[in-house]
Amino acid sequence: MTPGPTQVADNVYRARSLRTTNPDLDPTFYDFYRDTCHLFGKLIHTKNACFILGGEGILGLEAACASLTEPGDRVLVIDNGIFGKGFADFVSMYQGDPVTWSLDYHNPLAPEVLRDYLEKDHAFKYATLVHSDTPSGLLNPVEALCPILKEYGILTVVDSVTGMFADELDVDRAQIDIVCGGSQKALSAPPGLTLVAVSEDAFAAMHQRKEPIRSFYANLLTFETYYEDQWFPYTMPVSDIMGLRQALENVASDPEHLKRHAVIAAATRKALTDAGLTLYLESGFASSVTVFYVPEGMKAQDILDTMVKEHHIMIAGCFDVLAGKVIRIGHMGNNANEADMTVTLAALDKTLQSLGFTGKADMAEGFTSYMNAHK
């Protein structure tokens, strides 16, 4: 029950095990790839060009920065989460000038705060931000933020690796120029694939560069005409894409997918707070992961070790500025189910009690009560 990778569905495993073709030479694979990309685009509500890259979700974040950044380009890095801050590394790597705007990690960025900032300084080629920040569990209102950036002529790059398929994402309404997702989060496919959608404005900026893109593997332009040219820049991981296609079809066939994520997340938060635990966030809760402070006098690693050794359940600590301070419970994709969350919370209750925490309420019972009231 970690914040990803998540449990993979049996039919996804089966899809990955089917006999494969040569993706470089078989023209039918280009149709399969294109149709899979179209399904992805439909699910995130975009008519932008969609691609599947052979590499974990971080590849998409680097590819966006590699493809847009030229030496000296000013880039607004909106830092209200650990992964939000991380974009600065990619911008610097490609000789851009990252302007990191550090904000409160406990709350999402408010649209009026963004507008006030841009009134003072909006000379940026593009801006980066996270939709859902996995380390903190924060959800930014990208549908309100990105249109403001576009008003000022700023391209938008959004990390939605944990956001898409767990929380609502309408890419076209949000005016996102490049959005990046991953296979191993709320899609519940194995890790190893990046999903990306690229707008016409983003492609235009790439074509207008004075210098060529300083990467081959992370160059989004190499995918722009893959179907017309019947050519991929590298051999596609065909078995992984077959599994991804099934995972996308699983989401498409489940009309309750997003609602289930939202209700389970809310039930988890209530169960934890009723028991006397303190959530890390003040507002802006994502539906994919719940983050709470380690109770006073305890060590995060002791909680994690006891959960695994005594209850055979894996949850997660954190890293960077949150290392040792918080515990994360993932409830996205196939992990977003009532039975697994009930068992997890019962085990967490026993674990914390064994380490000296006296809860004010039974977590599993509180979770079940909330779920029953919101079905």
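What to note about this one:
- One residue stands out in segment 106-130 among those that are under 28 Å from K185 (Cα atoms) and either without any contact (Cβ under 8 Å) to a residue 40 or more places away in the chain or outside the structural domain of A63 (by TED's automatic domain parsing) (or both): the one that is surrounded by the most Cβ atoms within 10 Å (Cβ to Cβ), namely L109.
- Among the residues of segment 142-159, the one identified as in contact (Cβ under 8 Å) with a residue 40 or more places away in the chain and either part of a loop (DSSP other than H, G, I, E, B) or of a type in the set (K, R) (or both) is I154.
- Screening the candidates T128, T69, T100, T46 for the property of being of a type in the set (V, I, T), touching a strand residue (DSSP E or B) at 6+ places or on another chain (Cβ under 9 Å) and over 22 Å from D201 (Cβ atoms) yields one hit, T100.
- Residues satisfying the stated conditions in segment 174-193, i.e. crowded, with 24+ Cβ neighbours inside 10 Å, under 26 Å from M206 (Cα atoms) and not aliphatic (A, V, I, L, M): D177, C180, G181, G182, S183
- Filtering Y105, Y117 for residues that are of a type in the set (F, W, Y) and closer than 20 Å to T290 by Cβ leaves a single hit, Y105.
- Listed conditions (1) among the β-branched types (V, I, T); (2) in contact (Cβ under 8 Å) with a residue 24 or more places away in the chain; (3) surrounded by fewer than 21 Cβ atoms within 10 Å (Cβ to Cβ); (4) more than 14 Å from D133 (Cβ to Cβ) are all met by V321, apart from (4).
- Selection status of P23, within 27 Å of I241 (Cβ to Cβ) and outside the structural domain of D170 (by TED's automatic domain parsing): no
- Residues satisfying the stated conditions in segment 338-360, i.e. aliphatic (A, V, I, L, M), more than 17 Å from V289 (Cα to Cα) and buried (at least 16 other Cβ atoms within 10 Å of the Cβ): A346, A347, L352
- G84, sole failed condition from (1) assigned to a helix (DSSP H, G or I); (2) touching a residue at least 24 places away in the same chain (Cβ under 8 Å); (3) closer than 30 Å to E228 by Cβ: (3)
- Residues of segment 253-272 that are more than 18 Å from the chain's Cα centre (by Cα) and surrounded by fewer than 16 Cβ atoms within 10 Å (Cβ to Cβ): S253, D254, P255, E256.
- Applying a threshold of 7 Å to beta carbon distances and a minimum spacing of six or more residues, or different chains, the list of pairs starting in segment 174-186 at a residue that is in a strand (DSSP E or B) and ending at one that is among the acidic types (D, E) reads C180/D159; G182/E56.
- Of the residues making up segment 24-73, those that are outside any helix (DSSP H, G or I) and farther than 17 Å from L193 by Cα are D24, L25, D26, H45, T46, K47, N48, T69, E70, P71, G72, D73.
- For segment 219-239, residues that are free of Cβ contacts under 8 Å to residues at least 60 places away in the same chain and among the aromatic types (F, W, Y) total 1.
The values are calculated or read from the model by the stated rules, or taken from the named source; none is laboratory data. All figures in this text were calculated on a predicted structure; none of them were measured in a lab. Please note: Cβ atoms are built from the backbone with ideal geometry, for glycine as well, and neighbour counts cover all protein chains shown.
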